[in-house]
Amino acid sequence: LASKATGNKRTVITRPRTCTRRWLNEKECLDKLRLLGFEEVSLDTKSLGEQMEIFAETKILVAVHGAALTNIIFMRPGTRVIEIRYKKQGGDYSSASCYERLSEIIGINHEILQSDGVERLELKGRSIEDADLITNCEELIKLTKI
């Protein structure tokens, strides 16, 4: 796998079938990211091997906070992750920083784009963790250019 990895891809993970942490202005942001050479990938139909290859070939990754980010273990040190997360998510008993910590161990440059959101009160106790997200697309574009 490592020998095939070129490490130059720009990847944005999409979540078309999710019912939590929906990226409400995803289309607007994707339109702008495409202009910068980002490729959209939905992992829900990919095998583990395909997921490993996608992450191993990625130089800069954009993704909403969620389990798909566990795949950063296949990225190379020095690559970049931009994690989109609800601005209220965090605190001592939150899983919010788990991917930041993983990136730190691996040597990945990990940035958080804190986003506005719509809390899901019907989720009883997970309204903040699973809030739907409204990302500032201009801020996202700035982060991809750093």
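Points worth noting:
- The residues of segment 41-72 that are surrounded by fewer than 22 Cβ atoms within 10 Å (Cβ to Cβ), within 17 Å of residue 101 (Cβ to Cβ) and modelled with pLDDT of 95 or more, listed by number, are 71, 72.
- Per the listing 92, 130, 116, 31, the residue uniquely at pLDDT 95 or above, farther than 11 Å from residue 13 by Cα and either out of contact with any Pro (no Cβ under 7 Å at 6 or more places or on another chain) or open to solvent by less than 10 Å² (accessible area, probe 1.4 Å) (or both) is 31.
- Residue check, residue 13 in a helix (DSSP H, G or I) and without any contact (Cβ under 8 Å) to a residue 60 or more places away in the chain: no
- Candidates 15, 101, filtered to the one that is open to solvent by 30 Å² or more (accessible area, probe 1.4 Å) and under 13 Å from the mean Cα position of the chain (by Cα): 15
- Condition met for residue 143 (at pLDDT 90 or above, farther than 12 Å from residue 11 by Cβ and either open to solvent by 20 Å² or more (accessible area, probe 1.4 Å) or small (Gly, Ala, Ser) (or both)): yes
- Checking residue 59 against (1) over 25 Å from residue 141 (Cβ atoms); (2) in contact (Cβ under 8 Å) with a residue 12 or more places away in the chain, the condition it does not meet: (1)
- Flag if residue 123 is under 20 Å from residue 15 (Cα atoms) and touching an Asp or Glu at 6+ places or on another chain (Cβ under 8 Å): yes
- Subset of segment 73-85 (residues that are at pLDDT below 95, within 12 Å of the chain's Cα centre (by Cα) and open to solvent by 10 Å² or more (accessible area, probe 1.4 Å)): 85
- Residue 20 meets each of the listed conditions (1) of a type in the set (Val, Ile, Thr); (2) outside any loop (DSSP other than H, G, I, E, B); (3) at pLDDT below 95 apart from (2).
- Selection status of residue 122, open to solvent by 80 Å² or more (accessible area, probe 1.4 Å), of a type in the set (Asp, Glu) and within 21 Å of residue 19 (Cβ to Cβ): yes
The values are calculated or read from the model by the stated rules, or taken from the named source; none is laboratory data. Predicted model only: the values in this text are computed from it and were never measured. Positions of Cβ are backbone-derived with ideal geometry, glycine not excepted, and every protein chain shown enters the neighbour counts. Remember, those area values only see protein heavy atoms, side chains included, never the ligands or the DNA or RNA. Shrake-Rupley method; radii C 1.70, N 1.55, O 1.52, S 1.80 Å.
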